[in-house]
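In what follows, a structure is listed as C-alpha coordinates, so that the remarks can point back to it.
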Protein chains: 2
Amino acid sequence: MQTQEFDELYGKVAQELRRGILVLATLSQLKEAKYGYALISSLAEHGLEIEQGTLYPLLRRLESQELLQSEWNVDGSRPRRYYLISPTGLEMLGALTAEWRNLTTVMDRLLEISSTEGESHESH
Amino acid sequence: MQTQEFDELYGKVAQELRRGILVLATLSQLKEAKYGYALISSLAEHGLEIEQGTLYPLLRRLESQELLQSEWNVDGSRPRRYYLISPTGLEMLGALTAEWRNLTTVMDRLLEISSTEGESHESH
(Lines give C-alpha, C1' and ligand atoms only; values in the text may rest on other atoms or scores of the structure.)
Protein backbone atom coordinates (compact mmCIF):
# COMPACT_ATOMS: atom_id res chain seq x y z
CA MET A 1 0.00 0.00 0.00
CA GLN A 2 1.22 3.49 -0.91
CA THR A 3 1.85 6.02 1.85
CA GLN A 4 -0.85 8.31 0.49
CA GLU A 5 -3.39 5.49 0.40
CA PHE A 6 -2.48 4.56 3.97
CA ASP A 7 -2.85 8.16 5.15
CA GLU A 8 -6.27 8.48 3.52
CA LEU A 9 -7.47 5.25 5.09
CA TYR A 10 -6.06 6.26 8.47
CA GLY A 11 -7.84 9.61 8.18
CA LYS A 12 -11.15 7.86 7.57
CA VAL A 13 -10.83 5.37 10.41
CA ALA A 14 -9.50 7.95 12.88
CA GLN A 15 -12.46 10.17 12.01
CA GLU A 16 -14.85 7.32 12.87
CA LEU A 17 -13.09 7.06 16.21
CA ARG A 18 -13.49 10.80 16.87
CA ARG A 19 -17.07 10.97 15.59
CA GLY A 20 -18.20 8.55 18.27
CA ILE A 21 -17.05 10.81 21.08
CA LEU A 22 -18.29 14.13 19.69
CA VAL A 23 -21.73 13.92 21.34
CA LEU A 24 -20.15 13.18 24.71
CA ALA A 25 -17.52 15.92 24.29
CA THR A 26 -20.16 18.47 23.20
CA LEU A 27 -22.62 17.71 26.01
CA SER A 28 -19.82 17.83 28.57
CA GLN A 29 -18.87 21.40 27.60
CA LEU A 30 -22.38 22.89 27.59
CA LYS A 31 -23.14 22.94 31.31
CA GLU A 32 -22.40 26.61 30.77
CA ALA A 33 -24.06 28.21 27.75
CA LYS A 34 -21.74 28.76 24.78
CA TYR A 35 -22.20 29.83 21.18
CA GLY A 36 -20.91 27.57 18.43
CA TYR A 37 -17.57 29.15 17.73
CA ALA A 38 -16.71 29.47 21.43
CA LEU A 39 -17.41 25.75 21.82
CA ILE A 40 -15.13 24.92 18.86
CA SER A 41 -12.34 27.01 20.42
CA SER A 42 -12.83 25.42 23.81
CA LEU A 43 -12.71 21.88 22.37
CA ALA A 44 -9.67 22.75 20.25
CA GLU A 45 -7.88 24.15 23.32
CA HIS A 46 -8.30 20.77 24.95
CA GLY A 47 -7.03 18.91 21.89
CA LEU A 48 -10.25 18.02 20.04
CA GLU A 49 -10.40 19.59 16.57
CA ILE A 50 -13.89 19.81 15.11
CA GLU A 51 -14.99 21.74 12.04
CA GLN A 52 -17.93 24.15 11.91
CA GLY A 53 -19.50 22.02 9.20
CA THR A 54 -19.54 19.10 11.64
CA LEU A 55 -20.39 20.90 14.87
CA TYR A 56 -23.28 23.12 13.76
CA PRO A 57 -25.43 20.29 12.39
CA LEU A 58 -24.60 18.28 15.53
CA LEU A 59 -25.78 21.13 17.78
CA ARG A 60 -29.05 21.37 15.84
CA ARG A 61 -29.52 17.61 16.02
CA LEU A 62 -28.90 17.55 19.78
CA GLU A 63 -31.39 20.37 20.23
CA SER A 64 -34.05 18.57 18.18
CA GLN A 65 -33.40 15.50 20.38
CA GLU A 66 -34.06 17.73 23.41
CA LEU A 67 -30.58 17.22 24.82
CA LEU A 68 -29.70 20.89 24.34
CA GLN A 69 -31.63 24.14 24.64
CA SER A 70 -30.70 27.27 22.74
CA GLU A 71 -31.53 30.95 22.74
CA TRP A 72 -30.43 34.04 20.90
CA ASN A 73 -28.30 36.46 22.83
CA VAL A 74 -28.37 39.95 21.34
CA ASP A 75 -26.30 41.78 23.98
CA GLY A 76 -23.02 41.59 22.03
CA SER A 77 -21.99 43.31 18.83
CA ARG A 78 -23.96 40.71 16.88
CA PRO A 79 -26.68 38.23 17.82
CA ARG A 80 -25.46 34.76 18.68
CA ARG A 81 -27.28 31.53 19.39
CA TYR A 82 -26.18 30.13 22.75
CA TYR A 83 -26.52 26.42 23.53
CA LEU A 84 -26.97 24.95 27.00
CA ILE A 85 -27.41 21.34 28.12
CA SER A 86 -31.02 20.45 29.07
CA PRO A 87 -32.06 18.37 32.11
CA THR A 88 -32.51 15.36 29.77
CA GLY A 89 -29.10 16.16 28.28
CA LEU A 90 -27.54 16.07 31.76
CA GLU A 91 -29.05 12.64 32.32
CA MET A 92 -27.70 11.52 28.93
CA LEU A 93 -24.28 12.95 29.77
CA GLY A 94 -24.24 10.86 32.96
CA ALA A 95 -25.21 7.68 31.13
CA LEU A 96 -22.74 8.26 28.28
CA THR A 97 -19.92 9.10 30.68
CA ALA A 98 -20.49 5.78 32.45
CA GLU A 99 -20.47 3.94 29.08
CA TRP A 100 -17.31 5.81 28.06
CA ARG A 101 -15.54 4.74 31.29
CA ASN A 102 -16.65 1.19 30.58
CA LEU A 103 -15.33 1.31 26.99
CA THR A 104 -11.95 2.75 27.99
CA THR A 105 -11.56 -0.04 30.55
CA VAL A 106 -12.40 -2.64 27.88
CA MET A 107 -10.02 -1.08 25.34
CA ASP A 108 -7.19 -0.80 27.87
CA ARG A 109 -7.58 -4.52 28.47
CA LEU A 110 -7.73 -5.39 24.74
CA LEU A 111 -4.72 -3.22 23.84
CA GLU A 112 -2.71 -4.64 26.72
CA ILE A 113 -3.33 -8.23 25.56
CA SER A 114 -2.55 -7.13 22.03
CA SER A 115 0.81 -5.62 22.97
CA THR A 116 1.73 -8.74 24.98
CA GLU A 117 0.94 -10.93 21.97
CA GLY A 118 3.02 -8.61 19.85
CA GLU A 119 6.02 -9.21 22.10
CA SER A 120 5.74 -12.98 22.17
CA HIS A 121 5.26 -13.24 18.39
CA GLU A 122 7.68 -10.68 17.06
CA SER A 123 9.07 -13.17 14.57
CA HIS A 124 5.71 -13.44 12.74
CA MET B 1 -39.08 12.94 27.61
CA GLN B 2 -40.50 9.47 28.29
CA THR B 3 -38.19 6.80 29.73
CA GLN B 4 -38.60 4.66 26.63
CA GLU B 5 -37.71 7.55 24.33
CA PHE B 6 -34.65 8.29 26.46
CA ASP B 7 -33.55 4.65 26.38
CA GLU B 8 -33.89 4.52 22.59
CA LEU B 9 -31.88 7.70 22.15
CA TYR B 10 -29.25 6.50 24.60
CA GLY B 11 -29.01 3.22 22.69
CA LYS B 12 -28.36 5.10 19.45
CA VAL B 13 -25.73 7.44 20.84
CA ALA B 14 -23.97 4.72 22.83
CA GLN B 15 -23.83 2.63 19.66
CA GLU B 16 -22.08 5.49 17.84
CA LEU B 17 -19.56 5.56 20.66
CA ARG B 18 -18.93 1.82 20.37
CA ARG B 19 -18.87 1.81 16.55
CA GLY B 20 -15.90 4.13 16.53
CA ILE B 21 -13.73 1.73 18.48
CA LEU B 22 -14.70 -1.48 16.70
CA VAL B 23 -11.96 -1.24 14.07
CA LEU B 24 -9.33 -0.69 16.74
CA ALA B 25 -10.72 -3.50 18.92
CA THR B 26 -10.89 -5.91 15.97
CA LEU B 27 -7.39 -5.22 14.67
CA SER B 28 -5.97 -5.53 18.18
CA GLN B 29 -7.32 -9.08 18.56
CA LEU B 30 -6.15 -10.45 15.22
CA LYS B 31 -2.42 -10.65 15.79
CA GLU B 32 -3.29 -14.31 16.13
CA ALA B 33 -5.59 -15.72 13.45
CA LYS B 34 -9.19 -16.21 14.57
CA TYR B 35 -12.43 -17.10 12.84
CA GLY B 36 -15.39 -14.75 13.21
CA TYR B 37 -17.24 -16.42 16.00
CA ALA B 38 -14.09 -16.91 18.09
CA LEU B 39 -13.37 -13.21 17.72
CA ILE B 40 -16.91 -12.32 18.87
CA SER B 41 -16.48 -14.56 21.94
CA SER B 42 -13.09 -13.11 22.72
CA LEU B 43 -14.36 -9.51 22.50
CA ALA B 44 -17.44 -10.37 24.58
CA GLU B 45 -15.23 -11.98 27.25
CA HIS B 46 -13.44 -8.65 27.57
CA GLY B 47 -16.69 -6.71 27.79
CA LEU B 48 -17.29 -5.63 24.17
CA GLU B 49 -20.54 -7.04 22.76
CA ILE B 50 -20.70 -7.10 18.98
CA GLU B 51 -23.25 -8.85 16.80
CA GLN B 52 -22.43 -11.16 13.90
CA GLY B 53 -24.36 -8.85 11.57
CA THR B 54 -21.96 -6.05 12.50
CA LEU B 55 -18.70 -7.96 12.75
CA TYR B 56 -18.81 -10.04 9.56
CA PRO B 57 -19.26 -7.07 7.20
CA LEU B 58 -16.53 -5.24 9.15
CA LEU B 59 -14.11 -8.16 8.69
CA ARG B 60 -14.79 -8.20 4.94
CA ARG B 61 -14.34 -4.44 4.74
CA LEU B 62 -11.03 -4.57 6.64
CA GLU B 63 -9.83 -7.33 4.33
CA SER B 64 -10.77 -5.34 1.23
CA GLN B 65 -8.84 -2.42 2.72
CA GLU B 66 -5.83 -4.77 3.05
CA LEU B 67 -5.72 -4.42 6.83
CA LEU B 68 -6.60 -8.09 7.32
CA GLN B 69 -5.75 -11.29 5.47
CA SER B 70 -7.94 -14.36 5.54
CA GLU B 71 -7.75 -18.00 4.61
CA TRP B 72 -9.96 -21.05 4.87
CA ASN B 73 -8.96 -23.62 7.42
CA VAL B 74 -10.43 -27.04 6.67
CA ASP B 75 -8.73 -29.03 9.45
CA GLY B 76 -11.69 -28.86 11.85
CA SER B 77 -15.10 -30.48 11.65
CA ARG B 78 -16.17 -27.74 9.24
CA PRO B 79 -14.29 -25.21 7.11
CA ARG B 80 -13.79 -21.81 8.71
CA ARG B 81 -12.40 -18.56 7.40
CA TYR B 82 -9.59 -17.34 9.64
CA TYR B 83 -8.63 -13.68 9.76
CA LEU B 84 -5.18 -12.34 10.61
CA ILE B 85 -3.85 -8.78 10.75
CA SER B 86 -1.68 -7.81 7.72
CA PRO B 87 1.60 -5.84 7.91
CA THR B 88 -0.34 -2.72 6.82
CA GLY B 89 -2.95 -3.55 9.46
CA LEU B 90 -0.24 -3.67 12.12
CA GLU B 91 0.92 -0.22 11.07
CA MET B 92 -2.69 1.01 11.19
CA LEU B 93 -3.14 -0.56 14.63
CA GLY B 94 -0.10 1.38 15.87
CA ALA B 95 -1.38 4.68 14.46
CA LEU B 96 -4.93 4.13 15.76
CA THR B 97 -3.69 3.11 19.20
CA ALA B 98 -1.74 6.37 19.43
CA GLU B 99 -4.84 8.35 18.37
CA TRP B 100 -6.95 6.42 20.89
CA ARG B 101 -4.52 7.30 23.72
CA ASN B 102 -4.68 10.91 22.58
CA LEU B 103 -8.52 10.90 22.56
CA THR B 104 -8.80 9.31 26.00
CA THR B 105 -6.45 11.98 27.38
CA VAL B 106 -8.58 14.73 25.79
CA MET B 107 -11.83 13.20 27.06
CA ASP B 108 -10.46 12.72 30.57
CA ARG B 109 -9.65 16.43 30.59
CA LEU B 110 -13.06 17.46 29.19
CA LEU B 111 -15.01 15.25 31.59
CA GLU B 112 -12.97 16.48 34.55
CA ILE B 113 -13.73 20.13 33.71
CA SER B 114 -17.33 19.15 33.17
CA SER B 115 -17.68 17.51 36.57
CA THR B 116 -16.01 20.50 38.28
CA GLU B 117 -18.49 22.83 36.58
CA GLY B 118 -21.28 20.53 37.71
CA GLU B 119 -20.20 20.95 41.32
CA SER B 120 -19.99 24.72 41.23
CA HIS B 121 -23.35 25.10 39.48
CA GLU B 122 -25.47 22.51 41.18
CA SER B 123 -28.20 25.04 41.82
CA HIS B 124 -28.81 25.55 38.05
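Here are the numbers:
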{"quantity": "Residue-level accessible surface for residue B:92, protein heavy atoms, 1.4 Å, Å²", "calculated": "0"}
{"quantity": "Loop-exposed GluC sites (Glu not before Pro) per DSSP, neighbour cap 12 Cβ within 10 angstrom, longest uninterrupted part of chain A", "calculated": "A:52-121"}
{"quantity": "Residue closest to axis [chain B; rotation mapping onto A; Cβ; Å]", "calculated": "B:20, 1"}
{"quantity": "Label geometry 7 Å along the beta-carbon vector: residue A:75 inter-copy distances in nm", "calculated": "7.2"}
{"quantity": "Reach of residue A:31 by Cα under 25 Å, taken over lysines that are not fewer than 8 positions away in the same chain", "calculated": "B:12"}
{"quantity": "Amide hydrogen neighbours beyond the local backbone of residue B:86, cut-off 5 Å, H modeled", "calculated": "B:68, B:69"}
{"quantity": "Exposure rank, largest accessible area first [B:64, A:41, B:77; 1.4 Å]", "calculated": "B:77, B:64, A:41"}
{"quantity": "Highest-fluctuation residue, A:57, A:87, A:79 considered, GNM on chain A with Cα pairs under 10 Å", "calculated": "A:79"}
{"quantity": "Inter-copy label distances at residue B:105 (7 Å, Cα→Cβ; nm, one decimal)", "calculated": "2.4"}
{"quantity": "Other protein chain Cβ atoms within 10 Å, averaged over every residue that makes up A:77-84", "calculated": "0"}
{"quantity": "Neighbouring partner chain Cβ atoms per residue of A:2-15, average, 10 Å criterion", "calculated": "3"}
{"quantity": "When the convex hull of its Cα atoms is projected in every direction, mean area for the protein assembly as shown (nm²)", "calculated": "16.5"}
{"quantity": "Pair residue B:44, residue A:32: separation of 7 Å Cα→Cβ label points (nm)", "calculated": "4.6"}
{"quantity": "For residue A:73, residues with placed amide H under 5 Å, excluding near neighbours", "calculated": "A:80, A:81, A:82"}
{"quantity": "Peptide-level mean, for A:42-55, of C-beta atoms on other protein chains within 10 Å", "calculated": "2"}
{"quantity": "Contour minus Cα-Cα distance for residue A:74 and residue A:5 (0.36 nm per residue)", "calculated": "20.1 nm"}
{"quantity": "Solvent exposure, largest accessible area first (probe 1.4 Å, DNA, RNA and ligands not counted), of B:113, B:85", "calculated": "B:113, B:85"}
{"quantity": "Derived scalar couplings ³J(HN,Hα) [region A:68-83; Karplus, 6.51 cos²θ - 1.76 cosθ + 1.60; whole Hz; x for Gly, Pro]", "calculated": "10, 10, 9, 8, 6, 10, 10, 6, x, 5, 9, x, 9, 8, 9, 10"}
{"quantity": "Relative compactness, region A:3-123, computed as alpha-carbon Rg over 2.2 N^0.38 Å", "calculated": "1.35"}
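The values are calculated or read from the model by the stated rules, or taken from the named source; none is laboratory data. No experiment lies behind these values; they were computed from the predicted model shown. Note that we place each Cβ from the backbone using ideal geometry, even for glycine, and neighbour counts take in every protein chain shown. Ligands, DNA and RNA are excluded from the accessible area calculation, which covers all protein heavy atoms including side chains. Shrake-Rupley method; radii C 1.70, N 1.55, O 1.52, S 1.80 Å.
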